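Take a look at the structure set out below.
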Amino acid sequence: MAKELRSILATDCGSTTTKAILIEKIDGVYRLIVRGEAPTTVEAPFEDVTKGVLNAVEEVEDLVHIQGNKNRKLIVDEGIAINQKGDVGVDAYVSTSSAGGGLQMMVTGVVKSMTGESAERAALGAGAIVMDVLASNDKRLPHEQIERIRHLRPDMILMSGGIDGGTTKHIAEMAELVSAADPKPRLGSSYKLPVIFSGNIKARDIVKDTLSEKTNLIVTENIRPVLERENLGPARDKIHDLFMEHVMAQAPGYKKLMSWTCAVNEDGTIENVPIMPTPGAVGNIMQTIARKDNIQVVGVDIGGATTDIFSVFTKNFIFNRTVSANLGMSYSISNVLASAGLDNIMRWVPFDMSEQEVRNMIKNKMIRPTTIPFLMKELILEQAIAKEALRLAFIQHKQFAVTLKGTQAQRDISEAFAQSTSGKTIVDMMSLDILVGSGGVLSHAPRRNQAAMMLIDAFLPEGITKLAVDSIFMMPQLGVLSTISEQAATQVFEKDCLIHLGTCVAPVGAIKPDKVSLHAKIELQDRIFDEDIKFGELVLIPLGVSEKAIATLTPARGLDLGKGKGNTIKTELSGGVVGIILDTRGRQPFIIPTERKRRIATLKKWMTALNAYPEDALNS
């Protein structure tokens, strides 16, 4: 265990940029001091990731000097100073990495929708990009599966399959396929590809005989020891270990970086802290916050090439992560158009644009990924595309975050004739407590109201849900920090990482237009908001950060806020930089008018009500 840490340095080595943050304990509370960044240097001509790390840390050092502490030093002898005296060094240095494409894996199972999905959940939860799932029943011929392994060249393979004590035939066949492919690792040719076997214990000797000579085989506990239970922890731990020992050790400069990441123990000794894959670290902080505050969380990181969705649901805090590798805002923006369709994107745009103009703007963004919108219509179109990317990624996430398939559910007599509940999504929007957005299009939206509108329109939160965005995307650093100091990670997450946008109140259901959908009585500090809200409206009530308001909310008879149709809820609502948003536009279904003039008028009304864009820009 690390001692009480006074100062912590954390970095995230991304594919293009390395970000560094300095955290210090001030008056008993951990706070972010400064942040610096520099280009990542894992590729030619530098081919040493530590150069980019030192450049980012030098910027942090310079900013501390500007703040007045001229004696503060973080770098000594071309390395990060640990356990030094006075103003020199820090008590801990931790890091995450997605440089070099991150951790890329393939997984195998016997049945794709059962052990294959369990293996995929284990790999995704550890922060990997799952390149493919091979299974005995995936309808590909053996030679096609072998060619697929050879072509993708993953960093490691996770093999699962079978319950403990079950048949070994299909596992043996999958091991033969991997052996026949004789896979070579993506990074480095001087070591054997790591393969983790996490399947039926009866098949261990068979897999060892088949793969131990050709691969670096590691055996761990079964991911699915019985049909009714998943055991993902041991496999995830092995993935982290192998990520450090094999994948990171082959990347330029990472051996040196691994020797730097450490923390000071109570007795003054120094203990190494493993580097984590960036998405795995984000999952760590999500789970930490969910357990600490006993809440259910959905988080999203929308990037240029991929959109990651993280969720923690149920009383057991079940964590799921999905990667939509074809949905992003620059490199993959054309894929969003192809997946969503032009009509779905244009339904969010409150003016006319020709198809050619839309396609030109999208292609320009793809070939010039670092550009930002210059015109208001470009900004609105980009945010419309973001809504569709988020919506599609969330659909994929809900299809993946499900109860275990193949299990027998215990049901009472009222459910006797219903279909099996196995494979049902565990994502329950009515029970969701907080929705957190990150990524450039959300974190750097010109108005925070725009970020709130994108989150609401894409995810359609139900009932009462807090909204927030990550201010500067420091969740990866805080995730790896939580492994040595949960207190430091959670305090900085709550005080400096999250920008609270406010609270969304959204009744579920639909009634006739112009009928009263919700009666809201909200006791603010300077007044009482007491009004009937008609169906199809958005209403914004300003309420500042850290401010609270007592609300009595009564939905119409056909609508539900979480306590049953028509039942009143009395609760405390939290404010934010946007405020309280009353959304009576309906859920299940949520409908945007399809007739052109009515759609444009409705969108302008919603955007004006939420103060998302200047009125003159919408009317010009």
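Points to keep in mind about this one:
- The stretch 198-269 versus the stretch 108-131: alpha-carbon centroid distance in Å: 15 Å
- Taking the fewest neighbouring Cβ atoms within 10 Å as the starting point, the ordered list for R596, R72, R224 is R596, R72, R224.
- Environment charge at T215 (Cβ cut-off 11 Å; Lys +1, Arg +1, Asp -1, Glu -1): +2
- Placing pseudo-labels 7 Å out from each Cα toward the beta carbon at H519 and S259 gives an inter-label distance of 7.3 nm.
- For the stretch 522-620, average projected area of the Cα convex hull in nm²: 7.5 nm²
- Listing D91, D205, D138 from fewest to most neighbouring C-beta atoms within 10 Å gives D205, D138, D91.
- Look at the dipole of the chain built from charges on Cβ: of S330, T269, M105, the Cα furthest out on the positive end belongs to S330.
- Taken about its Cα centre, the stretch 1-158 carries a charge dipole of roughly 380 debye when the Cβ of each Lys and Arg holds +1 and the Cβ of each Asp and Glu holds -1.
- (1) 30.9; (2) 26.1; (3) 29.9, with the label sought being that of the calculated Kirkwood radius over Cα pairs in Å: (2)
- Peptides 309-317, 238-246, 13-21 ordered by packing proxy, namely the average of other Cβ atoms within 10 Å per residue, highest first: 13-21, 238-246, 309-317.
- Residues whose amide H falls under 5 Å from that of G89, counting only those 5 or more places apart or on a different chain, are K73, L74, with hydrogens built in the peptide plane.
- Sequence of E531, E388 once ranked by neighbouring C-beta atoms within 10 Å, starting from the fewest: E531, E388
- Summed side-chain charge close to K292 - residues other than K292 whose Cβ falls under 13 Å, Lys, Arg +1, Asp, Glu -1: -3
- In nm, spacing of pseudo-spin labels at N619 and T314 (7 Å Cα→C-beta vector): 5.3 nm
- Cα centre as origin, Lys/Arg/Asp/Glu Cβ charges: the stretch 102-231 dipole, Debye: 200 debye
- Distance (nanometres) between label positions extended 7 Å along Cα→Cβ at E213 and M353: 6.0 nm
- Of Q491, N320, I385, farthest towards positive along the dipole that unit charges on Lys, Arg, Asp, Glu beta carbons give the chain: I385
- Overall, the anisotropy analysis places the stretch 73-209 in the prolate class: the square-rooted eigenvalues a ≥ b ≥ c of its C-alpha gyration tensor yield a/c not less than 1.5, with a/b exceeding b/c.
- For the stretch 302-359, projected area of the alpha-carbon convex hull averaged over all directions, nm²: 5.2 nm²
- Dipole of the chain [Lys/Arg +1, Asp/Glu -1 at C-beta], most positive-end residue of A203, T602, G304: T602
- Stretched out straight at 0.36 nm per residue, the stretch from T403 to I528 would grow longer than its current Cα-Cα span by 40.6 nm.
- In the chain, helical runs assigned H by DSSP with n ≥ 4 each contribute -39500 (n - 2.57); averaged across all residues and rounded to the nearest 500, the mean residue ellipticity at 222 nm is -9500 deg cm²/dmol.
- Cα-based shape type of the stretch 244-340, given that a ≥ b ≥ c are square roots of the gyration tensor eigenvalues and the cut on a/c is 1.5: oblate
- Cα centroid separation, the stretch 31-64 to the stretch 436-481 (Å): 25 Å
- Contact order for the chain, expressed relative to its length and based on alpha carbon pairs under 8 Å spaced 6+ residues apart, stands at 11 percent.
- DSSP-defined antiparallel bridges as percent of all bridges, the chain, nearest 5: 65 percent
- Estimated dipole of the stretch 332-393 in Debye, rounded to 20 [Cβ of Lys and Arg +1, of Asp and Glu -1, Cα centre]: 180 debye
- When both the stretch 565-581 and the stretch 351-384 are represented by their alpha-carbon centers, they are found 35 Å apart.
- Hz values of 3J(HN,Hα) by residue in the stretch 598-615 - Karplus curve (6.51, -1.76, 1.60), Gly and Pro given as x: 5, 4, 4, 5, 5, 4, 4, 4, 5, 5, 5, 4, 8, 6, 7, 9, x, 4
- Amide H contacts of V402 (H built 1.01 Å from N, under 5 Å, at least 5 apart or other chain): I426
Rule-based calculations on the coordinates, nothing more; no lab input. Predicted model only: the values in this text are computed from it and were never measured. A quick note on method: Cβ atoms are made from the backbone with ideal geometry, for glycine too, and the neighbour counts reach across all protein chains shown.
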